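Visitor: The structure's right below; bear with me while I get my questions together.
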Amino acid sequence: MPWKSIERIGSGQKPTPPPADGAGHLHLAQESLRNLLEDDRVPQEVRAALSEDYQQVEAMLEKLEHGHIHIAAFGRVSVGKSATLNALLGKPHFSTSPLHGETKTAQMSRWEAYEQGGVFFIDTPGLNEVAGEERERLAREVAARADLVLFIVDGDLTETEIRALRALMGRPVILVFNKIDRYTQEERAQVLAALQRHTRGFIDPENIVCISAMPAEQLVILVDAQGNETETLRQPPPDLAQLRERLWTVLESEGKTLAALNASLFASDLTDRLGQRILQVRRQLGAQIIRNYCIGKGVAVALNPIPIVDLLAAATADVSLVVHLSKLYGLPISNAEAGALLRTIAKQMLLFIGTVWGVNVLSAALKLGTGGLSTLLTASAQGAVAYYATAVVGQAAETYLAQGKSWGELGPKQVIRGILEGIDRDSILAQARNDISERLKPLA
Ligand SMILES: Nc1nc2c(ncn2[C@@H]2O[C@H](COP(=O)(O)OP(=O)(O)OP(=O)(O)O)[C@@H](O)[C@H]2O)c(=O)[nH]1
Ligand SMILES: [Mg+2]
């Protein structure tokens, strides 16, 4: 059941790993993404608040259905990310520049040379650009979502690069040492050895390749038949052999698995995130709902004061609050069920009335006012207590619903006691007086 899986994953357990073959992964990933999309137990208001995440799921599903593979170029500014992709594409598709920060958004291009089709290159902005935090965030997001990352460097690793590489640990990465035309054979070997050393244990040496995507122009001296010398600048062709070979091998042997693994990871990640976001959104929406009911109740009581014990007993009238909250939590309950729940809550609250609690709340509510004990003040103090009581009822009902319609091991008594003790009484009462007097002002 999709909803259950959200709650289960949200509570820290991982789903059973899918079978190791590519097709199995693919199938399971598609299924869990589809389940996320089609889960009609996610309330409409939660869905609306998470519309961006849902769009991501749709995009990922579409990619999977078409069997597309996304390969992202990722790395520090100006290491030659765009130049490397251009060299692979065989055309200057992405803009390059000697200045930092040339690439400002993520851009995509299909790799036509890959005959089986469906392979796309994604260029990303560089890391470590001055004031480029937002672009860097985008680049990291794209890399995290790509099926394969070409992590491009132009020398030994910097601190930023080591951190970025570690963040990709466990993901398929080819480490590309670009601009080798700038180094002598001996220097290249030194850098390569350093790259292997720094990435030992998380990047296989066969996934470290040396290239020259856009070698610097060379001064060539031409000598004609008469022995006349002319100097001219020539752009040597790119040297991509190692990268091209590695890419072909990886795509041939693991292409399907790459996309499928990534999709499974994405699905489980997103399920986690969605689960957390759903809880968060529910809490926010729940707080709003409770507050609206608190105001309604507080104003009604202020206008029509009743004795305090009645007032707490009147908590049982908050049926529609509980029904509303139950819908938000995807566990709709009937009015009768809500009534029973309210009676349990009210009973526990009334038990505390016998103690100093009720008196304390009322006197705190009274103290919060300024001036004498006018009728209006007493009335709105009672309104504030009603507001407070509804807040407690709302929180108790929410706790019960969030635990899947259960009071948990503690039982209602301890849960409600915890809420009463944990609630910031004075600030809620102050807020209540504020909210109520705001609404009563136009009537005064
Ligand atoms: N010598 C040499 N220069 C290169 C090579 N590849 C790229 N360059 C130069 O490096 C500079 C940066 O190249 P880009 O491809 O724009 O680098 P980028 O990583 O995309 O840069 P941003 O988009 O700004 O992050 C350009 O001036 C390129 O000409 C290479 O193999 N050798
Ligand atoms: Mg670029």
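Visitor: Which net charge results for the neighbourhood of R439, defined as the other residues with beta-carbon distances under 15 angstrom from its beta-carbon, given Lys and Arg at +1 and Asp and Glu at -1?
Guide: +2
Visitor: Taking amide hydrogens as modeled 1.01 Å from N in the peptide plane, which residues meet the under 5 Å criterion relative to V119, leaving out close sequence neighbours?
Guide: Counting only residues 5 or more places away or on other chains, the set is I69, W111.
Visitor: If the label point is 7 Å along Cα→Cβ of A167, which residues in segment 45-59 have backbone nitrogen under 20 Å from it?
Guide: Within reach of a label on A167, which here means backbone N under 20 Å from a point 7 Å along Cα→Cβ, segment 45-59 contributes 53.
Visitor: Assuming R0 = 41 Å, what is the FRET efficiency of R439 and R200, from their Cβ-Cβ distance, to the nearest 0.05?
Guide: So, using R0 = 41 Å, E works out to roughly 0.05.
Visitor: Using the basic label-point model (7 angstrom from Cα toward the beta carbon), what is the D424 to E133 distance in nanometres?
Guide: If labels sit at D424 and E133, their model points lie 2.6 nm apart.
Visitor: May I pose another question? Quick query: amide H of C210 versus all other amide H atoms, modeled in the peptide plane; which residues come in under 5 Å with a sequence gap of 5 or more or a different chain?
Guide: When sequence neighbours closer than 5 places are left aside, the close amide H contacts are F177.
Visitor: Same structure again: Cross-link partners among aspartates and glutamates for K81, C-alpha distance below 13 Å, same-chain residues fewer than 8 apart left out?
Guide: E102, D123, D154
Visitor: Next up: Go through K104/K256; K327/K405; K327/K441; K297/K327; K63/K327 and tell me which ones have a Cα-Cα distance over 23 Å in this structure.
Guide: K104/K256; K327/K441; K63/K327
Visitor: Applying a 10 Å radius around every beta-carbon, put 382-388, 129-135, 101-107 in order of their mean neighbour count, most first.
Guide: 382-388, 101-107, 129-135
Throughout, read-outs are computed from the coordinates displayed, never taken from laboratory work. All of these numbers come straight from a predicted model, not from anything done at the bench. Cβ atoms come from the backbone with ideal geometry, glycine included; neighbour counts cover every protein chain shown.
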